[in-house]
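Please read the structure below before turning to the comments.
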Amino acid sequence: MAMPTDPGTQEPYRLAADEVAATLGVEPERGLSAMEARARLDHYGRNELTAEAPTPGWRKFLAQFTDMLVMLLIAAALISALQWFLERDSALPYEAIAIIAIVLLNAVMGYLQQARAEQAVAALRRMSAASANVIRDGARQRVPSAEIVPGDVILIEEGDTIPADARLIESTVLQTAEATLTGESLPVSKDTAAILEDAALGDRHNMVFSGTAANYGRGRAVVTASAMQTEMGRIAGMLKRTPSEVTPLQEELDRVGRLLGIVVVAIAVVMIATILLVEDINGLPALFDVLILGVALAVAAVPEGLPAVVTAVLSLGVQRMARRKAIIRRLAAVETLGSADVIASDKTGTLTRNEMTVRRIVTASGSVALGGTGYAPEGKVTRRGGGEIDGALLVELRRTLSAADRANNAVLQEQDGCWSVQGDPTEGALIVAARKIGLETDALRARFGRIGEVPFSSERKLMSTVHADAERQDLLRAFTKGAPDVLLARCSHELVGDEARPLTELRRAEILSANEGLAGEALRTLGIAFRSLPREGAPAQGGFDHRLEQELVFLGLIGMIDPPREEAKVAIGRAKAAGIRVIMITGDHPRTAAVIAGELGITENGRAVSGADLERMTDAELDWTVREVSVYARVDPDHKLRIVKALQREGMTVAMTGDGVNDAPALKAADIGVAMGITGTDVSKQAADMVLADDNFASIVAAVEEGRAIFSNIRKFLRYLLSSNIGEVLTMHFGILLAGVIGLRVEGGGAVVLPLLATQILWINLITDGAPALALGLDPAAPGAMNRPPRPRGEGVLTARMWAGILFVGLVMATGTLLVLDASLPGGLIEGSGTVGYAQTMAFTTLTMFQLVNVFNARSDERSAFAGLFSNRWLWAALVMSLLLHAAVIYVPVLQRTFSTTPLSPGDWLVCAAVASSVLWLRELSKLLTRERDRAGR
C-alpha cells in the first residue's frame, strides 16, 4: 500500500477530523492493520528521538588543553626540555617538569569542574511514554510507544503520557498539561473542531503533543507525526543545531593567549637580535647558545600560573554561587552573568508562582478583593471601594464560594507548612478562596454531600455537581461553574442578599461588563450559579446530565491569576538599578503577560508582541522590535530562539531563564542559560549553564552580583600577573642590553650573564606570584557593584587603561631591580663589591618584593591601594607565605644550590624592601592623577 500524504504539510489542526483520517489513510473505527503498521514503521522509522553518542571522557579531558594559554605553556615546556637535553646542566629538566605539572593540574581542575556532556536529547527521550493504547485491526491493543506510526489511532485516558503528536477525533472533557511545551500554566481543554486560521502551538486545542500528559477526561486521536517530526522532536533538532555560545571570558582569555603568543615570539626575536648586535658571537655553538637563550627568555614572558589561577578562582566562585542557590554547570559561564545586559525570563513558574490565586469576586451587591498569593489559605479580604463586608454582600460572598468549593474535584493539602493542590489548579484556587473567608471543607462536605456530577466539556464550557442538603431534606442543590457568558445565558435569576431576583437585560449587560473589566486586568474569570431541585423524582446517582443546567440562579463572578512572585518584583528593581533589562517571554496570553509584566515593573506601556506577530517579522524588523518591546507572549520554541539571537545581534549579553522543554533551545543559545531546579524539566537543566536551586528569580540577581565580583577579581589577578611578567621581561631585556653599563660580566670573559636565572623566574611565576594571585580572586565585591551598568560586550577583560597601568608598573619594577643589581656589582653606574651570584640574589629578592607590594596596586586602576586594605585576610596570609617561601630559597642549603642563591643580611633585605616600595608610591601618584582627570572630564 502506498504511504499516506505527509500530514506535516497539511496543517492537521486546520482540517476536519475525517479529512485528517482520510489523508493518513486510516479508518478511525478500525485503526491500522498490523501489516500496514509494520510497513509504516519501516517507512517512517521508530518513534524515538535520535541521540548523539556521548563524548568520551578522554576526549573531554584532552579538550582542557585546547586553550591558547595552555598551548603556549606546553610549547614553553617543550622548549625548556630541549634546552635541558642539549645542555644537561641538571639531573632532570626541573623547569619543564614544573610547567607540565601546572598544565596537568589546570586540566584536572577544569575536567572535574566542567559539567558532563549534555544529555538534553536523552532527557527528552525519558519524557516519552513507554507504551500506548491504540486501535489496530478494530481492536484495542497496547503497543510500545516506539512502534507508534503516523495514522495510528491512539486512545488517551487520564494520566497517560501522549506518545506522539495527534489530531483529536473524539474528546470527552479531555484536558492536557502542556506547560513544559508551551508555557501555558493551566491545563488545556481539548475538542475536535477544526481551526480555520493559523494558530500558535498553545492555541491548537484539537491537537495533542508528544511528551505532554492527559490530566483529565479521555479522547481518541489520529497520529499525525512521530519521532523527530513531532513538536518535541523539533525541539530536539533545534538543540542539536544550536551551537553552545562561547562566553565573553573564554573569548577574552583566548585573545590574551594569542597576544601573549605574538609577544613571546617578538621577545625571542628581539632578544636574539639584541645579543647578536651588542655581543661578539663567534662560531655555531655560540650562536646556538644565543638562540636557546632568546627562547628561554621568551618563556619567562609566559604567566605560567594564569590558567590554573583562572580555573581555581572560577571554581571558588562556583562554590560561593552555590551558597546563594545558583548551581553552575559550565565553569567559564560563572563570569558571564556579571556582564549580562538582558535577562530574558519565562513567566510561568519563574516570575510567577505557578499557583492560581483568586483576586476578585463580584456579586450583585459589590466587589471583594482577596489578598495573599499561592495556595496558602491566608490573605486579607477587603471590600472594593472601602467599607465592611456585611449584610447582603457577605451572604452573596459566602454562597458564591460555597458553591465554588463544592463544584470541585481538587484537594488542598498541607505538609510541613507547605500548601499544595492535588488536581486542577483553578479548582484549587477556589478552595483556597473559600478558606480565606472562613468556609471549612468538613462543614461544607457535611451539609452538601455529593450525589452526582456532570463533568466539564469544552462544548458546554460548564461543570456541575449535585448535592443533598442536610438542612433541607426535600431539596437537592446543583452547583455550576464555567465560562461567564455561557453560564449567564442559562440563568433566569440572580442572588441578591438571600433572595433570588429575576435577571433583567440591564443586569445581564452589567454582569458581562464586569466580566470584561476583570478580563481587562488579565484575570481568568469563572461564573458561579446554583439551582434547587425537588428531591422527589430526581434521577438515581449518576443519572444527572446537562439538562439540569438551566433556570439557574447566578451567584457571582470570580477572577483569578497566576500571581507574580513578590521577591521577583524586588529583584527586577535591583536588576534595573544595575543597568540590566528584564524581558518576559511566555507562552501565555498577551493580555495576561502584559498585566503581570506591568505589576513586576518590566514594562510601563502594556505592549506585548505575540508569536503570530513574530512569525510575520523579518530579522531586521525583529532586531528593531527587541530594542523597544519587553513582553513576548504566545511564543513557540523557535520564536524564543529568534528573540535571543536578535538581542545578541544588538550586541547584548543575554541570560535566558526557563523551566520547560520549550525553553531548552533558547537556553542553549543564550550567553548563559538559567534553568529552574525545582520545577524545571531535565531537558531545560541539561541545556542550561546554571540551575537555580530555589526557582527564585531573585537568586539570578544575587548571582549577577557574584558574577560581577568574580569578573572584577579576574581583572585584578590578570593585572597582577601580567605586570609581574612585564617586569621580568623588561628586567631580562635591558639587563642584557645594558650588561656592560651595569657591570654584568663574567670576570675574564665577555660571555653573556643573565640578570636572573630561568629557574628563579619560574619560581616567581609559579610559587611567589601564585598564592597572592589566588587570594586576589577571593577579594570581596567592591561597594556599588550593583549600581553601575554592565560592561559593554566589546570591552575586553584588559582595557587600554589597564594595559597602561601594567606597562607602567612593569617599567618601575625593571628599573628598580636593575638598579639594585648594578649597586651589588663592581663597576657600572653604582659602585658595588658583590659577586654575580650575590647580585642575582639581590635582584631576585627585589623583583619578588616588587611583586608582593604590587598586589595591593592590582586591586584597582582607580581606587587607592589603601582602600579596604585589610578586607581580604587571605591576601595577607598569601603574602606571608610567599615571603617565607622566598626566604627558604635564600637560606635552605639544598634550595640555595638549586636556585644559585646566596644568603642576604638584614640590611640587604631593607634595601630590597625600600626599593620595592617605590612601585606602591609611584602607582598611587598615577592613580591620583587618573582620578583627577576623570573628575575633570565629568
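The values are calculated or read from the model by the stated rules, or taken from the named source; none is laboratory data. Just so we're clear, the structure is a prediction, and the values are computed from it rather than from any experiment. All Cβ positions, glycine included, derive from the backbone under ideal geometry; neighbour counts span all protein chains shown. Ligands, DNA and RNA are stripped out before the accessible areas are found, and what is left, the full protein with its side chains, is counted by its heavy atoms. Shrake-Rupley method; radii C 1.70, N 1.55, O 1.52, S 1.80 Å.
Within the range 623-652, the set of residues being modelled with pLDDT of 90 or more, within 23 Å of Asn354 (Cα to Cα) and open to solvent by 10 Å² or more (accessible area, probe 1.4 Å) comprises just one member, Ser630. Would you say Leu811 is in contact (Cβ under 8 Å) with a residue 12 or more places away in the chain, of a type in the set (A, V, I, L, M) and closer than 26 Å to Ala800 by Cα? Considered against the rule, which asks whether it is in contact (Cβ under 8 Å) with a residue 12 or more places away in the chain, of a type in the set (A, V, I, L, M) and closer than 26 Å to Ala800 by Cα, Leu811 comes out as yes. Might you let me know whether the range 740-749 holds any residue that is of a type in the set (D, E, K, R) and modelled with pLDDT of 80 or more? Taking every residue of the range 740-749 in turn, none turns out to be of a type in the set (D, E, K, R) and modelled with pLDDT of 80 or more. Scanning the range 202-227 for residues that are part of a helix (DSSP H, G or I) and either more than 26 Å from the chain's Cα centre (by Cα) or surrounded by 24 or more Cβ atoms within 10 Å (Cβ to Cβ) (or both) yields Asp203, Ala227. Put simply, of Ala608, Ala675, Ala669, Ala620 the only residue that is at pLDDT 90 or above and crowded, with 21+ Cβ neighbours inside 10 Å is Ala608. Quick check on the range 440-448. Is at least one of its residues assigned to a strand (DSSP E or B), under 22 Å from Leu533 (Cβ atoms) and at pLDDT 95 or above? No, there is no match, as no residue in the range 440-448 is assigned to a strand (DSSP E or B), under 22 Å from Leu533 (Cβ atoms) and at pLDDT 95 or above.
Quick test for you: out of Arg863, Arg923, Arg931, Arg873, pick the one residue that is within 40 Å of the chain's Cα centre (by Cα), in the same structural domain as Gly837 (by the TED database), closer than 17 Å to Pro772 by Cβ and surrounded by fewer than 17 Cβ atoms within 10 Å (Cβ to Cβ). Of Arg863, Arg923, Arg931, Arg873, the one residue that is within 40 Å of the chain's Cα centre (by Cα), in the same structural domain as Gly837 (by the TED database), closer than 17 Å to Pro772 by Cβ and surrounded by fewer than 17 Cβ atoms within 10 Å (Cβ to Cβ) is Arg873. Inside the range 406-425, residues that are modelled with pLDDT of 90 or more and among the polar types (S, T, N, Q) make up a count of 1.
Restricting Ala843, Ala887 to those that are surrounded by fewer than 19 Cβ atoms within 10 Å (Cβ to Cβ), part of a helix (DSSP H, G or I) and in the same structural domain as Ser712 (by the TED database) reduces the list to Ala887. Give Asp663, Asp623 a once-over and let me know the one that is touching a Lys or Arg at 6+ places or on another chain (Cβ under 7 Å), free of Cβ contacts under 8 Å to residues at least 60 places away in the same chain and outside any loop (DSSP other than H, G, I, E, B). Of the residues listed, the single one that is touching a Lys or Arg at 6+ places or on another chain (Cβ under 7 Å), free of Cβ contacts under 8 Å to residues at least 60 places away in the same chain and outside any loop (DSSP other than H, G, I, E, B) is Asp623.
Among the residues making up the range 19-45, those that are more than 12 Å from Glu147 (Cα to Cα) and of a type in the set (A, V, I, L, M) are Val20, Ala21, Ala22, Leu24, Val26, Leu32, Met35. Counting the residues of the range 514-533 that are assigned to a helix (DSSP H, G or I) and charged (D, E, K, R) gives 1.
Annotation: of all residues in the range 177-201 being assigned to a strand (DSSP E or B) and not hydroxyl-bearing (Ser, Thr, Tyr), the one that is surrounded by the fewest Cβ atoms within 10 Å (Cβ to Cβ) is Ala177. In summary, Asp588 fulfils each of the numbered conditions (1) open to solvent by 10 Å² or more (accessible area, probe 1.4 Å); (2) at pLDDT below 85; (3) among the charged types (D, E, K, R) with the single exception of condition (1).
Looking at Val26, Val70, which is the one that is modelled with pLDDT of 90 or more and either of a type outside the set (Ser, Thr, Tyr) or within 20 Å of Pro163 (Cα to Cα) (or both)?
Val26
Taking the range 24-45 as the range and being touching a residue at least 60 places away in the same chain (Cβ under 8 Å), open to solvent by 50 Å² or more (accessible area, probe 1.4 Å) and assigned to a loop (DSSP other than H, G, I, E, B) as the test, the residues that pass are Glu29, Arg30.
For every residue, the table says whether it meets (1) in contact (Cβ under 8 Å) with a residue 24 or more places away in the chain; (2) within 19 Å of Leu337 (Cα to Cα).
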| site | (1), (2) |
| --- | --- |
| Val635 | yes, no |
| His639 | yes, no |
| Leu647 | yes, yes |
| Ala675 | no, yes |
| Leu692 | yes, yes |
| Asp695 | yes, yes |
| Val704 | yes, yes |
| Ile714 | yes, yes |
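Considering Leu503, Leu552, Leu548, Leu526, the condition of being hydrophobic (A, V, I, L, M, F, W, C) and either open to solvent by less than 10 Å² (accessible area, probe 1.4 Å) or over 30 Å from Asp474 (Cβ atoms) (or both) is satisfied by Leu552 alone. Of the numbered criteria (1) touching a Cys at 6+ places or on another chain (Cβ under 8 Å); (2) closer than 30 Å to Ile700 by Cβ; (3) not polar (S, T, N, Q), the one Leu523 fails is (1). Looking across the range 139-170, the residues that are outside any loop (DSSP other than H, G, I, E, B), within 13 Å of Arg218 (Cα to Cα) and not hydrophobic (A, V, I, L, M, F, W, C) come down to Glu157, Thr161, Glu170. Before we move on, is Ala655 open to solvent by less than 10 Å² (accessible area, probe 1.4 Å) and closer than 23 Å to Val310 by Cα? Yes, satisfied.
Of all the residues that make up the range 371-388, how many are under 16 Å from Arg435 (Cβ atoms) and crowded, with 16+ Cβ neighbours inside 10 Å?
Count: 8.
From the list Gly573, Gly537, Gly543, the lone residue that is without any contact (Cβ under 8 Å) to a residue 24 or more places away in the chain and open to solvent by 10 Å² or more (accessible area, probe 1.4 Å) is Gly537.
If you go through the range 471-500, how many residues are part of a strand (DSSP E or B) and open to solvent by less than 80 Å² (accessible area, probe 1.4 Å)? Steps first, please.
Filtering the range 471-500 down to residues part of a strand (DSSP E or B) leaves 472-482, 491-496, 499-500.
Retained after the next criterion (residues that are open to solvent by less than 80 Å² (accessible area, probe 1.4 Å)): 475-482, 491-496, 500.
Of the residues in that region, 15 qualify.
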